[in-house]
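Just below is one structure, and these are the notes that go with it.
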Amino acid sequence: MSGSFYKFSGKYGIGNESESDVYFEKVRKKITDWNSGQQQFAMNSSGSTGDPKLIQLRRSQMVHSARITGKALNLPENSSVLIALNTDLIAGFMMLVRTLELNWNATVVHPAADPLCDLPEDFACDFAALTPMQLTTLLVSYSKETISRKFRKILLGGAPADTLLMSQIQDMQTEIYQSYGMTETVSHVALRRINGTDPSEDYLLLDDIEAGTDDRGCLHLAGTVTDHQIIQTNDLVEFTGKRTFRWLGRADNIINSGGIKIQLDKVDKEIGRALATMQLSLPFFTWHIPDSVLGQKLILLIQASPSENLVEELKKHIKLRLSKYEIPKEVCFLKEFIKTPSGKIDKAATVKTYINLH
C-alpha cells in the first residue's frame with residue numbers, strides 16, 4: 001500500500017494490506033462477502049426523488065448486470081479500472097462486483113471530488129465510473145490531454161452532465177458515456193456516448209433489457225437485472241428506435257403555476273444552456289414555492305453569492321429560450337445546497353432551508 005488507495009485484482013479480491021482505514025476495511029468486507037457466495041445484498045436507493053429505501057438484490061441480478069456492462073463497453077478480462085464512487089451505494093458496489101466477476105484489476109480510492117488526488121502521477125486506467133461533479137473537478141485541475149492519458153473510458157452517472165460540461169468534453173480522446181439506471185435495475189440499463197465525432201441524444205438499452213411506456217409516456221423496464229419484475233419509472237421518454245430512447249424529463253417534475261403546466265426539466269435544460277453561453281458552471285435547479293395568486297410559483301435556486309448582475313444577464317439569455325410563463329419569478333442564492341447520501345441535490349430540503357432563512 002502506497003498512498004491513500006487500495007488495490008485488488010480479479011476474482012479473488014486479493015488486496016494490499018495497509019494502515020487502518022475505515023473505508024477500505026468496509027471495501028474489503030464487501031469483497032469477502034461476495035467471494036463467500038452471499039446471495040442477497042441490501043442496497044439503499046439514492047433518495048434523489050423521495051425518501052431513500054432499502055432494496056434487496058439477488059446475486060444473480062448483479063452478475064448479469066456486470067456481464068452486460070462489460071460487453072456493452074468492450075472491457076475484457078484484466079482491464080484496469082478506478083473505483084472512485086461510494087461502494088455503499090449501487091454504482092460503487094457494482095464496480096466491485098464487475099471487478100470480481102469480470103477479472104478486472106481495480107484501484108479503489110476514497111470518494112472525493114478529485115478522484116486522482118491520492119494517486120501517483122503515472123496512474124492510468126481503462127475505465128472509471130464518475131459523477132459529473134468529479135469530471136468537472138478533473139477538468140479544472142488537469143488538462144484534457146492529461147485526463148485522456150489517464151482514462152480510456154469514463155461512465156458518468158448519478159446525474160446528467162450539464163450543458164457546459166458537455167461542451168468541454170467534446171474534443172477529448174477519452175470515450176465518455178452517460179448512463180441511465182437506478183438501484184432497482186442494479187445500476188445502469190442504458191448508455192449513450194456523449195462526446196467524440198458522433199455523440200448521441202439517444203440511450204441504447206443493454207442486452208436483455210425490455211422496455212416500454214405506460215399511458216403517461218413513462219418508461220418501464222424488465223429483465224434479468226430486475227429479477228424479471230417490471231420496474232415502472234416516472235421518466236418521460238420518447239422511443240427513437242426499437243431499443244433506443246430519448247429522456248424528456250420526469251412526470252413528477254411538472255408544476256401548475258397560474259393554470260400553466262411547466263416542465264421543470266425543460267426549464268433546467270435551457271437555463272443550463274444559458275449559463276454555458278455565459279461561460280458559468282454553477283449548481284442550480286428550478287423548483288416551486290406556495291403563492292396566493294399562482295398556487296405554485298416558479299423559482300430558480302443558484303449555489304453562489306448573490307449577484308444582481310448575474311440575475312440580469314441570466315434573464316436576458318433565458319428570455320431568448322423560454323416562454324414568459326417558464327421564466328422563474330424569483331432567483332434565490334444559497335451558499336450550499338443540501339445533498340443526499342449519494343451526492344445528489346436534495347431539492348425539497350434545499351428549498352425548505354431557503355424558505356426558513358428568508
*Please identify the GluC sites (Glu not before Pro) of segment 53-156 that satisfy two criteria: DSSP loop assignment and at most 14 other Cβ atoms within 10 Å. Which are they?*
GLU77, GLU121
_Restricted to Cα positions, what overall size does segment 44-174 have along the principal axes? Three whole-Å values, descending._
41, 37, 26
_Which listed pairs, of LYS53/LYS352; LYS261/LYS297; LYS315/LYS344; LYS297/LYS352, have C-alpha distances above 18 Å, in listed order_ = LYS53/LYS352; LYS315/LYS344
*asked:* From the protein chains alone at 1.4 Å, what is the descending order of accessible area for VAL63, VAL293, largest first?
replied: VAL293, VAL63
*Quick one: divide the alpha-carbon radius of gyration of segment 252-322 by 2.2 N^0.38 Å and tell me what you get.*
1.13
*Given a 1.4 Å probe and the protein chains all in place, what does the accessible area of TYR142 round to, in Å² to the nearest 10?*
60 Å²
*Would you work out the relative contact order for the chain, in percent, from Cα pairs under 8 angstrom that are 6 or more residues apart?*
12 percent
*Rounded, prolate or oblate: which fits segment 136-249 when a ≥ b ≥ c are the square roots of the eigenvalues of the alpha-carbon gyration tensor, with rounded for a/c under 1.5 and prolate only if a/b beats b/c?*
prolate
*Express in Å², to the nearest 10, the accessible area of ASP291 obtained by rolling a 1.4 Å probe over the protein heavy atoms while all chains stay in place.*
40 Å²
_Sequence of ARG273, ARG98 from largest to smallest accessible area, 1.4 Å probe_ = ARG273, ARG98
*Along each of the three principal axes of the Cα atoms of segment 307-358, give the extent in whole Å, ordering the values from largest to smallest.*
36, 22, 17
*In debye, nearest 20: dipole of the chain around its Cα centre with unit charges on the Cβ of K, R (+) and D, E (-)?*
420 debye
*Selected from PHE333, TRP287, LEU310, residue furthest toward positive end of dipole (segment 287-353; charges at beta carbon)*: TRP287
_Ratio of the Cα radius of gyration of segment 227-288 to 2.2 N^0.38 Å, where N counts its residues_ = 1.43
*By a straight-distance test (C-alpha under 14 Å), which aspartates and glutamates pair with LYS266 as possible cross-link partners, with residues fewer than eight away in the same chain excluded?*
ASP162, ASP235, ASP252, GLU326
*Only one of the values (1) 21.0, 64; (2) 20.1, 65; (3) 21.2, 69 was calculated from this structure for Rg and Dmax of the Cα atoms in Å; name its label.*
(1)
*Mind checking the per residue accessible area of the chain for me, 1.4 Å probe, whole number of Å²?*
48 Å²
*List the aspartates and glutamates whose Cα lies under 16 Å from the Cα of LYS329, skipping any in the same chain that are fewer than 8 positions away.*
ASP268, GLU270, ASP291, GLU308, GLU312, GLU313
*Given the rule -39500 (n - 2.57) for each run of at least 4 DSSP H residues, summed and divided by the residues of the chain, what is its mean residue ellipticity at 222 nm, to the nearest 500 deg cm²/dmol?*
-8500 deg cm²/dmol
*Run the numbers on segment 180-284 and let me know its relative contact order in percent, using alpha-carbon pairs under 8 Å that are six or more apart.*
16 percent
*At a probe size of 1.4 Å, how large is the accessible area of GLU312, to the nearest 10 Å²?*
100 Å²
_Partner aspartates and glutamates for LYS26 [C-alpha distance under 17 Å; skip if fewer than 8 residues away on the same chain]_ = GLU17, ASP88
*asked:* Running a GNM on the chain with Cα contacts under 10 Å, which residue among ILE289, ILE318, ILE154 ends up with the highest mean-square fluctuation?
replied: ILE289
*Relative to the longest principal Cα axis of the chain, at what angle does helix 264-277 sit, 0 to 90 degrees, rounded to 10?*
90 degrees
*Ignoring ligands, DNA and RNA, what percent of the 1.4 Å accessible area of the chain is carbon and sulfur?*
50 percent
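The values are calculated or read from the model by the stated rules, or taken from the named source; none is laboratory data. Please read all numbers here as calculations on a predicted model, not as lab measurements. As a convention, Cβ positions derive from the backbone with ideal geometry for all residues, glycine included, and neighbour counts pool all protein chains shown. For accessibility, only protein heavy atoms count, side chains too; no ligands or nucleic acids. Shrake-Rupley method; radii C 1.70, N 1.55, O 1.52, S 1.80 Å.
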